[in-house]
Amino acid sequence: MPLERTFSIIKPDAVERNKIGEITAMLEAAGLRIVASKRILLNHDKAAEFYAVHSDKPFFKSLCDFMCSGPIVVQVLEGDNAVQRNRDVMGATNPEEASEGTIRKEFALSLEKNSVHGSDSLKNAEIEISHFFTQEDIIS
Ligand code: ADP
Ligand code: MG
């Protein structure tokens, strides 16, 4: 399996409930290594840029407001097949559809407040990592 890097966010709903450690433990247990991590506060422009692909969706403004509502933790995860591995441990976007043992099943509050973000492809992982980290920030 290819060694990959992917991008993860622990969203404001989970940071607010002090779940950084429990979520990170689930990522690590899934075979992912945290190779860069920082706690930040997004502003509205940055959130809108990050979620530009959803700018025509009805939930866009609410999503951007939510993502700016409190601190988040942005991380680079490394591992075999990291993009899909992270998506698997995250669970379905809608927590009502998420499988047992996934982060969203365990922690998500709603379809919007679903505790984590993860890149959906290797190409997007590269783009999303570059929004927040330089190559020097990432220590394998
Ligand atoms: P994922 O985060 O699983 O890749 P999407 O890229 O489709 O999901 O959506 C980005 C984020 O937008 C979701 O994680 C969720 O926070 C929010 N979202 C998606 N669909 C809806 C919706 N129908 N109503 C409210 N929020 C949504
Ligand atoms: Mg997505």
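Each reported figure results from applying straightforward, stated rules to the coordinates on display, with no laboratory input. For clarity, every value in this text was computed on a predicted model and none was experimentally measured. Cβ atoms come from the backbone with ideal geometry, glycine included; neighbour counts cover every protein chain shown.
Of the listed requirements (1) of a type outside the set (S, T, N, Q); (2) touching a residue at least 40 places away in the same chain (Cβ under 8 Å); (3) assigned to a helix (DSSP H, G or I), residue 25 misses just one: (2). When residue 73 is tested against (1) surrounded by 17 or more Cβ atoms within 10 Å (Cβ to Cβ); (2) more than 12 Å from ligand 1 (Cβ to nearest atom); (3) of a type outside the set (Asp, Glu); (4) over 12 Å from the mean Cα position of the chain (by Cα), just one condition goes unmet, and that condition is (4). For segment 69-113, a tally of residues being farther than 18 Å from residue 15 by Cβ and among the basic types (Lys, Arg) returns 3.
Listed here are the residues, each with its yes/no results for (1) more than 17 Å from residue 128 (Cα to Cα); (2) in contact with a Cys (Cβ under 9 Å, 6 or more places away or on another chain).
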site	(1), (2)
25	yes, no
32	yes, no
36	no, no
41	no, yes
66	yes, no
71	yes, no
76	no, no
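Determine whether segment 77-84 contains at least one residue that is surrounded by 14 or more Cβ atoms within 10 Å (Cβ to Cβ) and of a type in the set (Gly, Ala, Ser). Within segment 77-84, one or more residues are surrounded by 14 or more Cβ atoms within 10 Å (Cβ to Cβ) and of a type in the set (Gly, Ala, Ser). Which one is nearest to ligand 2 (Cβ to nearest atom) among residues in segment 98-140 that are of a type in the set (D, E, K, R), closer than 19 Å to residue 68 by Cβ and out of contact with any strand residue (DSSP E or B) (no Cβ under 6 Å at 6 or more places or on another chain)? In this case the residue turns out to be 112.
Taken over segment 58-78, the residue count meeting the criterion of being assigned to a loop (DSSP other than H, G, I, E, B) and over 18 Å from residue 17 (Cβ atoms) is 2.
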